[in-house]
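Engineer: There's a structure below that I have some questions on.
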Amino acid sequence: MLKIDIHTHILPEKIPAFAEKFGYGGFIHLEHHAPCRAKMMKDNQFFREIEHNCWDAQARIHECDQHGVHVQVLSTVPVMFSYWAKPQDTLDVSRFLNDHIAEIVSLFPKRFVGLGTLPMQAPDLAVKELDRIMGMKGMAGIQIGSHINEWNLNDPNLFPIYEAAERLGAAVFVHPWDMMGQEKMQKYWLPWLVGMPAETSLAVCSMIFGGIFERFPKLRVAFAHGGGAFPATIGRIEHGFKERPDLCAIDNAVNPREYIGRFYVDSLVHDARMLHYLIDVMGENSIALGSDYPFPLGEHRAGSLIESMNELSLATKERLLSGTALEWLNYSSEQFYLA
């Protein structure tokens, strides 16, 4: 059974000294301090320890073979978005990362699909880079953040990017980053445990209430981490929409629940009961396997939760493990290798 993991992250083994190049800090660089290990550093501040499977395509393929994963969709680590930087500098970072992903995909076209990153804070530059990305073989779309600095995803400034993604047939993967309220969550890894689900729901609700799916009906959007807090709070969201349309329905008069089935979420919920609920609420046709490989909050063996649920039919498992991903990517299974 084909397995496509839509949520995996990759970095180049060597990252330029962007802070030196641009003359100011805040950018990520790598310190390779031990064999097959590196520290992600933001200036002189430690961000995360990574292993060679974060940059070595052969190591990824080896682990994919062990886990029965046929295809990974590659995207950068969200801390690399750099939306806060000067637009031209973010474009330079984006082009470097996109060229790297495109190179990996070109070397292993049966095993990887690429998503690019854009200077979203400068829509004119973003559209030009999106055009370039979609001209590269094996690049299927883009990964964007759950907000763009002060813009939520309903902001009209972003409409030219959505229009271009729709025109080019680009898949859009929304990933939480720069989590809200993190200044109050300095302990216990709370930005990742509490902030990320909230950020993803912020992104979903912003696009729904902002009428993005009405304005761009052919846009194919997937949200990370099972849609975050959105599926668990759809009842509250719908109730608020009905009770206070003066606050909620000012840009879009369609009930939020009507958009279930109009976008996708990945399967990364870590709990069989939650996955059952997600299937009940969102429908199996809206859920695609996603693992957050190769990071510790991810599913360590991609697809193992789905595969362990014997009560699911083979048709449902096939849809979750590959069918939804193929639809979102607008790909066919014949394009990929089956072990």
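Bear in mind that the values in this text are calculations on the coordinates, not laboratory data. These numbers were taken from a predicted model, which means no experiment stands behind them. When we count neighbours, we look across all protein chains shown, and the Cβ atoms used for this are built from the backbone with ideal geometry, even at glycine.
Engineer: Taking the Cα atoms of region 42-93 alone, what are Rg (to one decimal) and Dmax (as a whole number) in Å?
Structural biologist: Gyration radius and largest Cα-Cα distance of region 42-93: 14.8, 42 Å.
Engineer: What does the convex hull of the alpha-carbon atoms of region 198-268 project to on average, in nm²?
Structural biologist: Directional mean of the projected Cα hull area for region 198-268 stands at 4.3 nm².
Engineer: Can I ask one more? Test of understanding: what is the full-extension gain from Gln186 to Val79, defined as 0.36 nm times their sequence separation minus their Cα-Cα distance?
Structural biologist: 36.8 nm
Engineer: Now for a different question. What nm distance separates the two modelled labels at Met274 and Glu334, each placed 7 Å from Cα along Cα→Cβ?
Structural biologist: Each label point is offset 7 Å from its Cα along the Cβ direction, giving 3.9 nm.
Engineer: If you stretched the chain out fully between Glu49 and Leu107, how much longer would it get, using 0.36 nm times the residue separation minus the C-alpha to C-alpha distance? Before the final figure, lay out the partial values.
Structural biologist: Details: separation 58, 0.36 × 58 = 20.88 nm, distance 2.63 nm.
Full-extension gain reported as 18.2 nm.
Engineer: Please list 3J(HN,Hα) in residue order for region 282-297, calculated via the Karplus relation 6.51 cos²θ - 1.76 cosθ + 1.60 where θ = phi - 60°; whole Hz, with x for glycine and proline.
Structural biologist: Karplus-based 3J(HN,Hα) across region 282-297 equals 8, x, 4, 6, 9, 10, 10, 3, x, 10, 6, 4, x, 9, x, 7 Hz.
Engineer: Taking H as built 1.01 Å from N, whose amide H comes closer than 5 Å to the amide H of Ser291, not counting residues under 5 places away?
Structural biologist: Amide H neighbours of Ser291, under 5 Å, 5+ apart: Ile6, His7.
Engineer: Cα-Cα over 26 Å: which of Lys42/Lys184; Lys14/Lys317; Lys3/Lys42?
Structural biologist: Numbers: Lys42/Lys184 21 Å; Lys14/Lys317 38 Å; Lys3/Lys42 34 Å.
Checking Cα-Cα distances, Lys14/Lys317; Lys3/Lys42 exceed 26 Å.
Engineer: Report, in whole Å, the centroid distance computed from the Cα atoms of region 138-190 and region 244-297.
Structural biologist: Cα centroid to Cα centroid, the span is 16 Å.
Engineer: So which trypsin sites (Lys or Arg not before Pro) in region 137-185 are both in a DSSP loop and have at most 14 other Cβ atoms within 10 Å of their Cβ? Intermediate results must be reported in sequence, preceding the final value.
Structural biologist: Values: sites: Lys137, Arg167, Lys184; in loops: Lys137.
Hits after loop and neighbour filter: Lys137.
Engineer: Something else now. Which is the longest stretch in the chain that no exposed loop site breaks, taking sites as GluC sites (Glu not before Pro) with a DSSP loop state and at most 15 other Cβ atoms within 10 Å?
Structural biologist: Of all site-free stretches, the longest is 151-310.
Engineer: Given that just one value was derived from the coordinates, which of (i) 55, 46, 43; (ii) 64, 50, 50; (iii) 72, 43, 42 is Cα extents along the principal axes in Å?
Structural biologist: (i)
Engineer: Taking 0.36 nm per residue of separation and subtracting the Cα-Cα distance, what length does fully extending Asp251 through Ala315 add?
Structural biologist: 19.2 nm
Engineer: Find, among the chymotrypsin sites (Phe, Trp or Tyr not before Pro) in region 179-274, those assigned to loop by DSSP (not H, G, I, E, B) with at most 15 other beta-carbon atoms within 10 angstrom.
Structural biologist: Answer in residue order: Tyr188, Trp189.
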